[in-house]
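The values are calculated or read from the model by the stated rules, or taken from the named source; none is laboratory data. Just so you know, these numbers come straight off a predicted model, no measurement behind them. Every residue, glycine among them, receives a Cβ derived from its backbone with ideal geometry; neighbour counts consider all protein chains shown. To get the accessible areas, we keep the full protein, side chains included, count just its heavy atoms, and leave off ligands, DNA and RNA. Shrake-Rupley method; radii C 1.70, N 1.55, O 1.52, S 1.80 Å.
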Amino acid sequence: MTRYTIALLTALLLGATTSFAESRQFELTIEEVELDVAPGFSAKVWGFNGQVPGPLLHVKEGDELEVTVQNNSTLNHTVHWHGVYQTNTWPQDGVPDLTQRGIEPGDSFTYKFVVDKPGTLWYHCHVNVSEHVGLRGMWGPLIVDPKDPIPVEKTVTKDAILMFSGWNSEVADEYGTGGKPGEVINYFSINGKSFPMTHPLQVQEGDVVRLRLIGASIPTSFHTHGHDMLITHKDGLPLKQPIEADVVALQPGERYDVIMKMDNPGLWMTHDHIEHHTTNNGKDHGGSMLVIEYQDVERPEWYMWKDYEVERDFYMIESMAKPHGLHDIEAFKGHAPDAGRRPRRPVHGR
């Protein structure tokens, strides 16, 4: 091989590597809104762009991010980019009084860093984490596509995101309270909603679905009916030996990617196997549950979701299929505390 050929190949390889990464500018605001979590229960939250979870940030490994965060709330906050290595950019790590001062009400801060770790990451406030993250919804997904995906990733037809969290109704109406040891968490949610306000995840036979499981604030024991899951990634990185399971346990902060082959048509329950996590303030058949619907399966007359309009982007499947960028999700938006809205309920039967 001649020097010219080697130089040409090197240039092509470097060009391919360079073209993969891009510079991206995003804007996030922190808003004080009220979130409808369960039928009859709402909580005051600090929502990124007024929503819980916060907007989906979908980027590529090696992208240079510039994220300006405007604090429109009454307390100070920061943003920690959980999983990003912050190589040579430690002042962007978002820890108050260590890497930066908190962003005061009315102020803004611009984070600049390279997303140098691929996979399922997330972002969250790092001020008074037990309240701001644990009870006020200050978290969102940061999905980083790898330069070199493993073979099973290339088979995925639907890419879904599930973020698990808990709520304390005793302090839900007052900012600056809660998050203390021994506190009772009495509502449990997926993507900010408790069953039956979690929407069905609709699939077709033959789909290969990746579920990105993110423990935003509570431990979870995620169980699927009728299907096994192939655990392929832990905290963003691929496992050397994927594991098949029908229950996946994750702690707060952990992430697992699981891949499911949709080969068993039906209407299937999926839920947290920590039993009291499937309740709404002690009432059974609520909390951290969702239904997987095969679209070609006939719905019985008594099926609770039979005539309900499904929010198709509730698990961010549609947004994950869009071009890379920041994606607000209308279904996650909060509302002004005096708006007087009521949570939507599914229609039971006709």
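Of the GluC sites (Glu not before Pro) found in region 301-337, the ones in coil according to DSSP and having at most 11 other Cβ atoms within 10 Å of their Cβ are 301, 309.
Rolling a 1.4 angstrom probe over the protein heavy atoms with all chains in place gives the chain an accessible area of 45 Å² per residue.
At the residue level, residue 327 shows approximately 20 square angstrom of accessible surface with a 1.4 angstrom probe and all protein chains present. Here residue 283 is the anchor, and the lysines within straight C-alpha reach of less than 24 Å, apart from those fewer than 8 places off in the same chain, are 44, 180, 193, 306.
Where both bridge residues fall in region 57-181, DSSP classifies roughly 75% of the beta bridges as antiparallel.
If the cut-off is a Cα-Cα distance under 17 Å, which lysines reach residue 158, setting aside same-chain residues fewer than 8 apart in sequence? Excluding near neighbours in sequence, the set is 261, 322.
Along the axis of the charge dipole computed for the chain (Cβ charges of +1 for Lys and Arg, -1 for Asp and Glu, origin at the Cα centre), the listed residues 332, 55, 42 are led at the positive end by 55. Each stretch of four or more DSSP H residues adds -39500 (n - 2.57); spread over every residue of the chain, this sum gives -2000 deg cm²/dmol at 222 nm.
Take residue 299: with every protein chain present and a 1.4 Å probe, its accessible area is about 40 Å².
Tell me which trypsin sites (Lys or Arg not before Pro) from region 59-152 have a DSSP coil assignment and no more than 15 other beta carbons within 10 Å of their own. Mind showing how you got there, number by number?
Working: sites: 60, 101, 112, 136, 147; in loops: 101, 136, 147.
Those that pass, being in a loop and sparsely packed, are 101, 147.
Across 30, 243, the residue with the most accessible area heads the list, and the full order at a 1.4 Å probe is 243, 30.
How much of the accessible area of the chain, in percent, comes from carbon and sulfur atoms when a 1.4 Å probe is used? The partial results should precede the final answer.
Values: 8070 of 15740 Å².
The value for the chain is 51 percent carbon and sulfur by accessible area.
Distance between the pseudo-spin-label points of residue 26 and residue 207 (7 Å out from Cα toward the beta carbon): 2.4 nm.
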